[in-house]
Amino acid sequence: MVVETQLLPVESVARAAAEVAACGDLRTALDALARAAADATRADLAVVRVLDTDGHLVARALAPEGSSLGAEIAGTRTDCDVVAAGEIPEATRRAAERARASGTLALPARAAGRIVGSVELVRLADDFSADERGFAELVAAQVALAVRTLGTDGGGPGSRAKWLELAGDALAAGGEPDRAARQAVRLAVETTGARGGALWRVGPESARELIASLGPTESGLDRAAELVAQAVEEWRPTAIVHEPGLPGRATHAATLPLGQPPFAALQLFYSEDLVPSEADLPALAAFAARATHALRSAERAADVELELERTRALLEVVGEAIARLSLAHTLETAVDRIADLLQVEQVGVYLREHGRLFTAAGRGLAPGHEEVAARLQDALSGPLRARSAIHARTYDTDVALGATRAALVAAGQSGALGVPLRVRDESIGLLVTYPGRRALGASDTALLTALGAQLAVAVQNARLHERATELGERLGDVLESERQTSRQVNALYEISRSFAQSLSLERTLETVTSTIVDVLAVDAAVIRVPDERGDVFVPRAVHVADTRLDGAVTGILWRPQPRPPRTTSPLALDVATARRLGGAHELLIPFLEKGSTAALLPIATPTELLAQLTILCLDPARPIDAETLSTAGTIAQQAALAIDNARLYQQQKAFAETMQQSLLPRELPLVPGLEIGTVYESAAHVDVGGDVFDFMELPDDRLAVVLGDVTGHGIDATADMAMAKFVFRSLAREHSEPSDFLAHANEVVVGEIAVGKFITMVYLTVDRDGQLLCASAGHPEPRLVRPDGTVTGLELGGIALGIIEGQQYDQVGAELPPGGSVVLYTDGVIESRRGRELFGTPRMDDVLAAHATKPAQVLADALLAACRDYAGGDLPDDCAIVVLRRT
């Protein structure tokens, strides 16, 4: 059995280069390079353009083939100046914007200093890394190589000198640093016909170290090394010498010193019949210059990578150090490290308290810095709140930074770089550096942004740490208790933050009660929420620690309670308070009289009481104390946000489903001899989907059915759904034949729908004798289900509505036997997925066959249930199903 493994990026590019070398035409080569670019960079679309005779770059190859993203890009043209400036061609940019792509890249392919092509990449999930850009540059060099060797103006490979020049271009284009040496030797050997080659590093006093070789090198290396020493000492240009005893039984050796003074030397070993001529020596020297550049670039890349690793290590050390210190020490340490990393003299950290900034730590700050920080904070809280950093300079013209520039001038500063300190989208402060005469680049800004994110978490942790320290001191415990408290508070902080990750109200309420019981070591917790009128708080979730007491304790707690007074503070429940509050709390009085403790905690936003949490501890030896209430209050604050979010999500989803249902038929037609079953279920998102279906009884005792799928979601999709329904209602009676209806519907949709959007639609008519007529506009094929369980598709074709006018649509006929069904569906059914695997047509046909004899509604419900189960409960896309069954 052969097991396919995913190729490494460099292996993808290497395989493409081999395909280019083996093929004899430019088109095949470009297709191979487009596939390699997509594989090596994990791009969702790769476009290769080639220069035409008019001086424009034309899209000649796309990968993957048949991509909907690239359908509108194929054959488009752009100017060389666009690619030379590093800009994305308009056709590719529009396609990427419509797909909401996160990463785009356009690189020119240059040959002899002239742009002869380009490589464009689009990725939906995230942007391209530096390594992936390097692979794209290597593919662009291969494109230039293919154009020069296979293009109409490039001619054949020509002489050995021509091949050396092209190999030098490919080598200089870059690659992985650790493979540069091996690549230089391999290219030189393969392009000159050498028996083998070696690359030596030359050190002080002619020291030599073999760093890469190719071909037989079992013997003869000592003599080869002596030739290297002679060439370096005499600093002679490339020369070919006859020398016995060379590796691989070679008779001649060419030694090429690299660099001036030489830092390396490239050797090539030849047999008598393949010795390069004198005319080839300039080409060998040119290749040596390219190899020198590639190796130097590799060394610089290695140095940069080492420096990055050091920076990462430093950041990790800083993060590890400041996470364990007091707030003041944390800030002082962070300021010193930031000043050292960015090589600046002035750094300030400002924290928010009661809505205002105060200087928490600083280094070298000059008068007026508080005003600069305040104005930067205003900009980050107002018009520039979407930015992760602001670089304000006195010579900038951004209107939103006018007040900041004035503050900079008053403080005698030329510029400032501000980074907000945020924890879970909440601003807790600001980090500001004043670069002075030093110019901060994009990498400095990125580094400071990362430091700001780490510092925000460190500040939050430090505050929690100090709070834990104070609690430990009040309890009279020493350092060990202090650390334990800090760990507990940090754990509670992480747990409470996880509440915000759930959008299910019921799951959120259950999480609140179970977390309270587990973390606070209490015996039970119940959460009550307002009823529809808001006068009574009814229980929605209860958790009991001991399963043996679950029934009895739940029976006491699972009772409604009159609406409590509006408060923001926890309330310890004693006998008098329980009697005064009444309701379910009175049932706790016998337990309170025996030493049990209980408390009430409001879960509220600044404007609304969302719920009330009651906690109960039955053991008098473990009373609910002030520390427990404080910790419970922290969780309750986070729970308020989670409950509010979950409630809002349910309201939005209900609104979206209501809008969707308003566009679907309110009642099904009653047609003698036919059963009709329909289902519609929206996806997990809260936007209105784009699926629509409708029915119309025609005058000649036929039923017309339409099912469509509009691209997109939200308000735009709603408008397009309404248009699709209007088109059906207005055209079906006058143009009842499927082919005629779709042709006229397309003319309407082309004029109404936005550019780049379309509607897939299937239209079907059926009479009481079971005669079907059907046509499709880019929609999945309807399935014909016979009573014996045989399932076949109605083979239909046709372009989607709204793409191009003047379209004609073919219709097919079929007979629906008694007991048979025809099933219409949207692509959300077959595209339900489990991981990367789709539900697909074969699985759908199996479900239809298993329910072939069932009523129409049962068949529709069974198919939807199978899709939902396959997707794990949440549908990734809207699903609409219409079943017509002949009785």
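Being open to solvent by less than 50 Å² (accessible area, probe 1.4 Å) and within 23 Å of the chain's Cα centre (by Cα) narrows it down to one residue among 34, 59; which is it?
Being open to solvent by less than 50 Å² (accessible area, probe 1.4 Å) and within 23 Å of the chain's Cα centre (by Cα) holds for just one of 34, 59, which is 34.
Can you tell me which residue is nearest to residue 756 (Cα to Cα) among those in the stretch 65-109 that are of a type in the set (A, V, I, L, M), part of a helix (DSSP H, G or I) and within 22 Å of the chain's Cα centre (by Cα)?
95
If you check every pair at least six apart or on different chains, which have Cβ atoms under 9 Å apart with a residue in the stretch 846-867 that is of a type in the set (Val, Ile, Thr) first and a residue that is part of a loop (DSSP other than H, G, I, E, B) and surrounded by fewer than 22 Cβ atoms within 10 Å (Cβ to Cβ) second?
Qualifying pairs under 9 Å: 853/787; 853/789; 853/819; 858/851.
Condition first: of a type outside the set (D, E, K, R) and over 22 Å from residue 803 (Cα atoms). Now tell me which residues in the stretch 65-88 satisfy that.
Of all residues in the stretch 65-88, those of a type outside the set (D, E, K, R) come to 66-71, 73-76, 78, 80, 82-86, 88.
Scanning the stretch 65-88 gives 78, 80, 82, 83, 84, 85, 86, 88.
Take the stretch 256-277 and flag every residue that is surrounded by 21 or more Cβ atoms within 10 Å (Cβ to Cβ), among the aliphatic types (A, V, I, L, M) and over 12 Å from residue 198 (Cα atoms). Step through it out loud before you land on a result.
Taking the stretch 256-277 as the starting set, the residues that turn out to be surrounded by 21 or more Cβ atoms within 10 Å (Cβ to Cβ) are 256-258, 264-270, 276.
Now restrict to residues that are among the aliphatic types (A, V, I, L, M): 256, 258, 264-266, 268.
258, the sole residue that qualifies.
Can you pull out every residue in the stretch 856-887 that is open to solvent by 60 Å² or more (accessible area, probe 1.4 Å), closer than 15 Å to residue 824 by Cα and more than 37 Å from the chain's Cα centre (by Cα)? First the steps, then the outcome.
Step one: filter the stretch 856-887 for residues open to solvent by 60 Å² or more (accessible area, probe 1.4 Å), giving 857-858, 861, 868-869, 872, 874, 876, 887.
Those still in the list that are closer than 15 Å to residue 824 by Cα too: 857-858, 861.
Correct list: 857, 858.
Being of a type in the set (A, V, I, L, M) and surrounded by fewer than 17 Cβ atoms within 10 Å (Cβ to Cβ) is the filter here; which residues of the stretch 510-533 pass it?
Of everything in the stretch 510-533, just one residue is of a type in the set (A, V, I, L, M) and surrounded by fewer than 17 Cβ atoms within 10 Å (Cβ to Cβ), namely 521.
Can you pull out the residues in the stretch 240-255 that are touching a residue at least 40 places away in the same chain (Cβ under 8 Å) and either surrounded by fewer than 17 Cβ atoms within 10 Å (Cβ to Cβ) or charged (D, E, K, R) (or both)?
249
Are there any strands (runs of 3 or more DSSP E) wholly within the stretch 229-274 with 1 or more residues that are modelled with pLDDT of 80 or more and within 51 Å of the chain's Cα centre (by Cα), and if so which?
Here the list reads 252-258, 264-270.
So which residues in the stretch 123-134 are farther than 17 Å from residue 108 by Cβ and touching a strand residue (DSSP E or B) at 6+ places or on another chain (Cβ under 7 Å)?
123, 126, 127
Pairs only if they're at least six apart or on different chains, beta carbon under 9 angstrom, first in the stretch 548-571 and at negative phi, second among the hydroxyl-bearing types (Ser, Thr, Tyr); list them, first residue then second.
557/614; 561/614; 570/630; 571/577
Only one of these is of a type in the set (D, E, K, R) and either at pLDDT below 80 or out of contact with any strand residue (DSSP E or B) (no Cβ under 8 Å at 6 or more places or on another chain) (or both): 137, 205, 209. Name it.
Numbers: 137 fails: either at pLDDT below 80 or out of contact with any strand residue (DSSP E or B) (no Cβ under 8 Å at 6 or more places or on another chain) (or both); 209 fails: either at pLDDT below 80 or out of contact with any strand residue (DSSP E or B) (no Cβ under 8 Å at 6 or more places or on another chain) (or both).
One residue alone meets the criteria, 205.
Among the residues of the stretch 114-134, write down those that are at pLDDT below 90, outside any loop (DSSP other than H, G, I, E, B) and hydrophobic (A, V, I, L, M, F, W, C).
Result: 115, 116, 130.
Hey, any hits in the stretch 437-450 for a residue that's closer than 23 Å to residue 356 by Cα and either open to solvent by 20 Å² or more (accessible area, probe 1.4 Å) or touching a helix residue (DSSP H, G or I) at 6+ places or on another chain (Cβ under 6 Å) (or both)?
Yes: one or more hits.
Answer yes or no: is there a residue in the stretch 512-523 that is assigned to a loop (DSSP other than H, G, I, E, B), small (Gly, Ala, Ser), at pLDDT 75 or above and under 24 Å from residue 600 (Cβ atoms).
yes
Tell me, please, whether a residue that is assigned to a helix (DSSP H, G or I) and modelled with pLDDT of 90 or more can be found in the stretch 629-652. First the steps, then the outcome.
Of all residues in the stretch 629-652, those assigned to a helix (DSSP H, G or I) come to 629-652.
Narrowing the set further to residues that are modelled with pLDDT of 90 or more leaves none.
Among the residues of the stretch 629-652, not one is assigned to a helix (DSSP H, G or I) and modelled with pLDDT of 90 or more, which makes the answer no.
Can you tell me which residue in the stretch 455-471 is farthest from residue 349 (Cα to Cα), limited to those that are open to solvent by 60 Å² or more (accessible area, probe 1.4 Å) and not β-branched (Val, Ile, Thr)?
First, the residues of the stretch 455-471 that are open to solvent by 60 Å² or more (accessible area, probe 1.4 Å): 457, 463, 466-467, 470.
Retained after the next criterion (residues that are not β-branched (Val, Ile, Thr)): 463, 466-467, 470.
Numbers: 463: 15, 466: 18, 467: 21, 470: 24 Å.
Residue satisfying both the conditions and the ranking: 470.
Is it true that some residue in the stretch 370-379 is part of a helix (DSSP H, G or I), under 18 Å from residue 440 (Cβ atoms) and among the polar types (S, T, N, Q)? Reasoning before the result, please.
Step one: filter the stretch 370-379 for residues part of a helix (DSSP H, G or I), giving 370-379.
Restricting the remaining residues to those that are under 18 Å from residue 440 (Cβ atoms) gives 372-373, 376, 379.
Next, only the ones that are among the polar types (S, T, N, Q) stay: none.
Looking through the stretch 370-379, none of the residues is part of a helix (DSSP H, G or I), under 18 Å from residue 440 (Cβ atoms) and among the polar types (S, T, N, Q).
Select from the stretch 275-295 the residues that are under 48 Å from the mean Cα position of the chain (by Cα) and not β-branched (Val, Ile, Thr) and list them in ascending order.
283, 284, 285, 286, 287, 288, 289, 290, 291, 293, 294, 295
Note down all Cβ pairs under 7 Å where the first residue falls in the stretch 387-400 and is in contact (Cβ under 8 Å) with a residue 12 or more places away in the chain, the second is open to solvent by 50 Å² or more (accessible area, probe 1.4 Å), and they're at least six residues apart or on different chains.
Note: pairs meeting the criteria are 393/414; 394/409; 394/414; 400/383.
Tell me which of these residue 784 doesn't satisfy, since it passes every other one: (1) surrounded by fewer than 20 Cβ atoms within 10 Å (Cβ to Cβ); (2) touching a strand residue (DSSP E or B) at 6+ places or on another chain (Cβ under 7 Å); (3) modelled with pLDDT of 95 or more.
So the condition that residue 784 fails would be (1).
If we scan the stretch 94-107, do we find a residue that is open to solvent by 30 Å² or more (accessible area, probe 1.4 Å) and free of Cβ contacts under 8 Å to residues at least 12 places away in the same chain?
For the stretch 94-107, residues open to solvent by 30 Å² or more (accessible area, probe 1.4 Å) and free of Cβ contacts under 8 Å to residues at least 12 places away in the same chain: present.
Would you check which residues across the stretch 622-642 are in contact with a helix residue (DSSP H, G or I) (Cβ under 7 Å, 6 or more places away or on another chain) and open to solvent by less than 20 Å² (accessible area, probe 1.4 Å) and list them?
Across the stretch 622-642, the qualifying residues are 631, 632, 635, 639, 642.
Filter the stretch 772-786 down to the residues that are touching a residue at least 24 places away in the same chain (Cβ under 8 Å) and over 21 Å from residue 731 (Cβ atoms), then identify the one that is nearest to the chain's Cα centre (by Cα).
780
Across the stretch 815-837, what is the total count of residues that are closer than 19 Å to residue 706 by Cβ and either in a loop (DSSP other than H, G, I, E, B) or modelled with pLDDT of 95 or more (or both)?
7
For the subset of the stretch 534-556 comprising residues that are under 28 Å from residue 605 (Cβ atoms) and in contact with a helix residue (DSSP H, G or I) (Cβ under 7 Å, 6 or more places away or on another chain), which member is surrounded by the fewest Cβ atoms within 10 Å (Cβ to Cβ)?
540
Of all residues in the stretch 787-810, which are open to solvent by 50 Å² or more (accessible area, probe 1.4 Å), in contact with an Asp or Glu (Cβ under 7 Å, 6 or more places away or on another chain) and touching a residue at least 40 places away in the same chain (Cβ under 8 Å)?
Within the stretch 787-810, just 805 meets the criteria.
Looking at 553, 522, 575, 526, which one is under 30 Å from residue 649 (Cα atoms) and of a type outside the set (D, E, K, R)?
One residue alone meets the criteria, 526.
Based on this model, can you work out whether residue 846 counts as modelled with pLDDT of 95 or more and in a helix (DSSP H, G or I)?
Yes; evaluated as a whole, the condition is true for this residue.
The values are calculated or read from the model by the stated rules, or taken from the named source; none is laboratory data. Keep in mind the model is a prediction, meaning the values are calculated, not measured. Here Cβ is always computed from backbone atoms with ideal geometry, including for glycine, and neighbour counts include all displayed protein chains. Please note that ligands, DNA and RNA were not included when accessible areas were found on the heavy atoms of the full protein model with its side chains. Shrake-Rupley method; radii C 1.70, N 1.55, O 1.52, S 1.80 Å.
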